Amino acid sequence: MKRDPYTSARGLLPVLSVVLLSYFATPASAQDRIKVAVGQIDAWANQVPTLGMKAGIFQKHGIVLENFGTQGAGETLQAVISGGADIGIGVGTPGALRVFAKGAPVRVLAAGYTGVEDIYWFVPANSPIKSVKDITDKHTIAYSTNGSTSDSVLRALITHYGLKAKPTQTGGPPGTFTMTMSGQIDVGWSVAPFGLKDLKANAIRVVMRGNDVPSMRNQTVRVEIVNANALKNRRDVMVRFMRAYRETLDWMYSNPLAVKYYSEQMQRNEFNPKSALNPDKVSDIDLVMQDAIAGKFLEKPLTQEQLAEFIQIPPR
């Protein structure tokens, strides 16, 4: 029995329609996923991945970010080195230099933070420590993890003020705050805006800020890193990530929704001027390397060839 060609074709139309719709829908719906490890995920300076996702900016560039927080640069570096994350946010530049010099598959995708306006050290309001002059060799003073910004800035502050206090690793701001307020640590560390409400309420007192060290005011102290294999094998995706990153940064400093999503405008601008977050320029890298050598993160400065391999910021 012969089949009616028209009837057969008509029967195929629904199937063909589904196939065509699936084919044409795929590019729009299939978005590249990137795993992002974010050190101190609550800090404004590290909010580009989280706020950019909330605003739909990364999705517009065909990317979905899987963001997760870490306790600091040490954990972030390990996640990127192992491939557990493709990108790491807010890594201390000396720590990134150290692992790169040792052959780790880590590259700089963007400058993260230039200057040290957002980081500070504090004591409870009832502490006998009234100023930095009261800190002695009997005191403990906090930093997050080895190779982090708080680590390198604290070492610079110790040298600057001639402090004898014992540096103590305490992890991120929430845990450090608890340890400091309970007396386990004498001088805690934090990063804006964490703790600013307590500062405003006179529950804590700031005794040092990163900007106290003149030589660090123009240094790029944090970088955004990428796994070298991910950069090599997914370069187009990383280029689109940086386009979305830059667009998000502009949005964060121009759209009131960003402030609404996060914190008050005054806190943002006082501790985190937009110029500090410029992703396209790693500043004072020679001074950063000098500090890294002093802190035993590097044995010697990287050559120009090594720096060109290390810093791979996609052009605008």
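The values are calculated or read from the model by the stated rules, or taken from the named source; none is laboratory data. For clarity, every value in this text was computed on a predicted model and none was experimentally measured. Cβ atoms come from the backbone with ideal geometry, glycine included; neighbour counts cover every protein chain shown. Just the protein is used for accessible areas: all its heavy atoms, side chains included, with ligands, DNA and RNA removed. Shrake-Rupley method; radii C 1.70, N 1.55, O 1.52, S 1.80 Å.
Provide the net charge surrounding Pro315, with neighbours chosen by a C-beta distance below 13 Å and charges set as Lys +1, Arg +1, Asp -1, Glu -1. Value of the local net charge: +4.
From most to least packed by mean Cβ count within 10 Å, the peptides 194-206, 293-305, 46-58 give 46-58, 194-206, 293-305.
Normalised by the number of residues in region 71-223, the average gap of Cα pairs under 8 Å and 6 or more apart makes the relative contact order 37 percent.
Under the convention that each Lys and Arg Cβ holds +1 and each Asp and Glu Cβ holds -1, the size of the dipole of the chain around its Cα centre is about 620 debye. Sorting 73-83, 306-316 by average packing, meaning the other beta carbons within 10 Å per residue, from highest down gives 73-83, 306-316. Largest first, the residues Tyr161, Tyr262 sort by 1.4 Å accessible area into Tyr161, Tyr262.
Under 5 Å from the amide H of Gly69 lie the amide H atoms of Val38, each residue being 5 or more positions distant or on a separate chain, with H modelled from the backbone and absent for Pro and chain starts.
At full extension, Ser215 and Lys197 could sit 3.6 nm farther apart than now, given 0.36 nm per residue minus the alpha carbon distance. Compute the long axis of helix 5-29 from its Cα atoms, compare it with the longest principal axis of the Cα atoms of the chain, and write down the angle in degrees, 0 to 90, nearest 10. Roughly 10 degrees between the two axes. Averaged over residues, the count of other Cβ atoms within 10 Å places the peptides 136-147, 230-241 in the sequence 136-147, 230-241, highest first. Dividing the helix sum by the residues of the chain, where each DSSP H run of 4 or more adds -39500 (n - 2.57), gives a mean residue ellipticity at 222 nm of -12500 deg cm²/dmol. When the solvent-accessible area of region 50-145 is split by element, carbon and sulfur atoms take up 50 percent of it, the probe being 1.4 Å. Using the Karplus relation 6.51 cos²θ - 1.76 cosθ + 1.60 with θ = phi - 60°, the per-residue 3J(HN,Hα) values for region 159-170 come to 5, 4, 9, x, 6, 10, 4, 8, x, 9, 6, 10 Hz, with x marking Gly and Pro.
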